[in-house]
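All remarks here apply to the structure that follows.
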Amino acid sequence: MGKLTTIFKDTAIYGLSSIIGRFLNYLLVPLYTAKLSVASGGYGIITNIYAYVALVLVLLTFGMETTYFRFTNKTHTDSETVYGTTLISVGSISLLFAILVLLFLSPISQVMGYGDHPDYVGVMAVTVAIDAFLCIPFAHLRQQKKAVKFAALKLLNIVISIVLNLIYFYFMDGKDVGYVFYINLICTAMLAVCLITEYTGFRWKLDKQLLRTMLSYSWPILVLGIAGILNQTADKMLFPYIYKGEDMQAQLGIYGACSKIAMIMAMITQAFRFAYEPIVFAGVKDKDSHEMYAKAMKYFIIFTLLAFLIVVGYMDILKRIVVPNEDYWVGLKVVPIVMAAEIMMGIYFNLSFWYKLIDKTIWGAIFSGIGCAVLLIVNVLFVPQYGFMACAWGGFAGYGVAMVISYVVGQKYYPIDYPLKDILNYVFLAALITAMMFFGKSHNDSTWVNVLINTGWIISFVAFIIKQDLPLSSLPVIGKYFKK
């Protein structure tokens with residue numbers, strides 16, 4: 001239970017900072033949607049460009065974060081050399097990318113549909129290049145178990161971003177979407193200064209032989225990452241090319257804004273990953289590791305299902321906080337679908353460790369490639385007719401297929417005794433409660449009555465968790481009052 005406790009502790013730190021950070025970022029969504037109307041397509045531009053940014057970030061880091069964790073824990077490698085080699089390789093690729101984009105800015109902007117605003121593309125190219133380099137110092141903080149410093153810097157970056165956005169959009173009453181990207185560049189540059197101690201004070205050394213070995217490990221992770229990020233962003237990048245309606249940017253903005261409500265799942269998955277990944281690689285030889293993986297999977301699913309129910313149950317409140325502009329509410333029907341897809345993505349991430357631990361990362365590339373192909377097919381076939389709803393279902397189908405295939409193959413090569421019966425019981429109960437919430441909403445127009453009823457359903461789910469897996473008698477502080 002020691003490592004599992006460490007995961008929960010670090011996940012709490014990462015999760016709290018991530019949730020606070022995402023909540024603070026949520027403050028920008030109502031700000032943007034208030035200042036950038038649906039008709040203007042401003043939020044659609046933000047959604048589209050940040051989709052490209054997410055993909056480029058994966059390309060520029062080319063799987064070296066996970067590779068760094070793997071090689072820094074190998075007994076025959078020097079951790080400082082691994083770190084230096086990783087920094088130099090990622091930094092060099094990122095610098096080259098920024099230079100090439102700036103040299104060919106005009107044609108690239110034309111292809112992306114921003115020929116009238118090439119500065120959008122140029123600014124974000126420089127920003128994502130810096131971000132990619134900074135991923136390695138942040139990974140170093142995780143590897144060194146410096147969760148508090150990691151969280152503090154992430155939050156500082158977000159706070160500065162919010163302050164600058166408020167100054168421009170609220171106090172200066174600005175309406176130019178381009179300033180969103182300039183503010184992002186400023187914040188990223190300030191973050192690079194704050195992290196200077198993480199890439200100074202040691203000898204930068206590029207070990208070419210080590211790099212070749214690391215690249216042989218990382219390239220399948222790169223393919224996996226590309227496929228994975230395409231599962232999250234391909235719909236937003238493809239939408240302008242395959243949706244033929246004149247309201248394309250408006251529709252993309254609606255989808256992007258409403259999807260933000262579902263991002264609580266991404267927060268939980270990311271927080272879990274930050275804490276879980278270093279511990280998995282450090283404890284690969286432990287006898288109890290398989291049991292720890294099984295328990296971690298079970299509790300991950302339990303708490304993501306709880307988060308799902310909370311979002312669905314309090315949707316009428318959340319929509320007024322995150323997307324107060326009623327013109328965007330037509331897209332709220334995508335939220336449960338996107339959240340379910342995010343849960344499956346988290347499960348898929350947990351399942352992915354079997355091929356990373358046996359150095360067969362090519363499997364991840366295969367699984368993610370299949371999932372991505374499913375997503376692309378659904379989008380291409382159905383977006384022209386069904387719009388952004390097809391985007392949501394495409395992500396659901398893609399993650400679902402990748403998750404199932406990874407589990408089936410993983411049980412053959414690296415079997416883990418997951419408590420499937422318990423997990424399915426929780427899934428069935430969550431599905432039943434969700435159905436009752438939607439049934440109640442369809443028969444009652446009162447927001448507060450629905451919230452009260454939904455609160456009762458959520459409490460019942462929590463009670464089931466306590467009864468089945470977290471008995472009060474096991475808690476260190478209050479457990480003594482429940483023991484016989």
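Assorted remarks:
- Test result for Ser89, over 22 Å from the mean Cα position of the chain (by Cα), farther than 25 Å from Leu191 by Cβ and either assigned to a helix (DSSP H, G or I) or in contact (Cβ under 8 Å) with a residue 60 or more places away in the chain (or both): no
- The set of residues from the stretch 332-353 being modelled with pLDDT of 80 or more and of a type in the set (Phe, Trp, Tyr) comprises Tyr348, Phe349.
Residue-wise test of (1) modelled with pLDDT under 80; (2) within 30 Å of Val312 (Cβ to Cβ); (3) part of a loop (DSSP other than H, G, I, E, B).
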| site | (1), (2), (3) |
| --- | --- |
| Val223 | yes, no, no |
| Ala227 | yes, yes, no |
| Gly253 | no, yes, no |
| Gln270 | yes, yes, no |
| Tyr276 | yes, yes, no |
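- Residue match in the stretch 386-394 (condition: closer than 30 Å to Leu215 by Cα, in a helix (DSSP H, G or I) and open to solvent by less than 10 Å² (accessible area, probe 1.4 Å)): no
- Matching residues, the stretch 357-371, being surrounded by fewer than 24 Cβ atoms within 10 Å (Cβ to Cβ) and either part of a helix (DSSP H, G or I) or touching a His at 6+ places or on another chain (Cβ under 9 Å) (or both): Leu357, Ile362, Trp363, Ala365, Ile366, Gly369, Ile370
- Restricting attention to the stretch 191-218, the residues that are assigned to a helix (DSSP H, G or I) and surrounded by 14 or more Cβ atoms within 10 Å (Cβ to Cβ) total 11.
- Residue check for Asn165: part of a helix (DSSP H, G or I), at pLDDT below 95, surrounded by 15 or more Cβ atoms within 10 Å (Cβ to Cβ) and within 21 Å of the chain's Cα centre (by Cα): no
- Residue within the stretch 285-306 that is in contact with a Cys (Cβ under 9 Å, 6 or more places away or on another chain) and either at pLDDT 80 or above or open to solvent by 10 Å² or more (accessible area, probe 1.4 Å) (or both) present: no
- Verdict on Leu31 being in a helix (DSSP H, G or I), modelled with pLDDT of 85 or more and either open to solvent by 10 Å² or more (accessible area, probe 1.4 Å) or in contact with a helix residue (DSSP H, G or I) (Cβ under 8 Å, 6 or more places away or on another chain) (or both): no
- Members of the stretch 221-253 found to be more than 17 Å from the chain's Cα centre (by Cα) and open to solvent by less than 10 Å² (accessible area, probe 1.4 Å), listed by number: Phe239, Leu252, Gly253
- Within the stretch 34-61, being open to solvent by 20 Å² or more (accessible area, probe 1.4 Å) and part of a loop (DSSP other than H, G, I, E, B) holds for Ser37, Val38, Ala39, Ser40.
The values are calculated or read from the model by the stated rules, or taken from the named source; none is laboratory data. Being a predicted model, the structure only gives us computed values, none of them experimental. In this analysis, Cβ positions are derived from the backbone assuming ideal geometry, glycine residues included, and neighbour counts consider all displayed protein chains. SASA here: full protein model, heavy atoms, side chains in, ligands and nucleic acids out. Shrake-Rupley method; radii C 1.70, N 1.55, O 1.52, S 1.80 Å.
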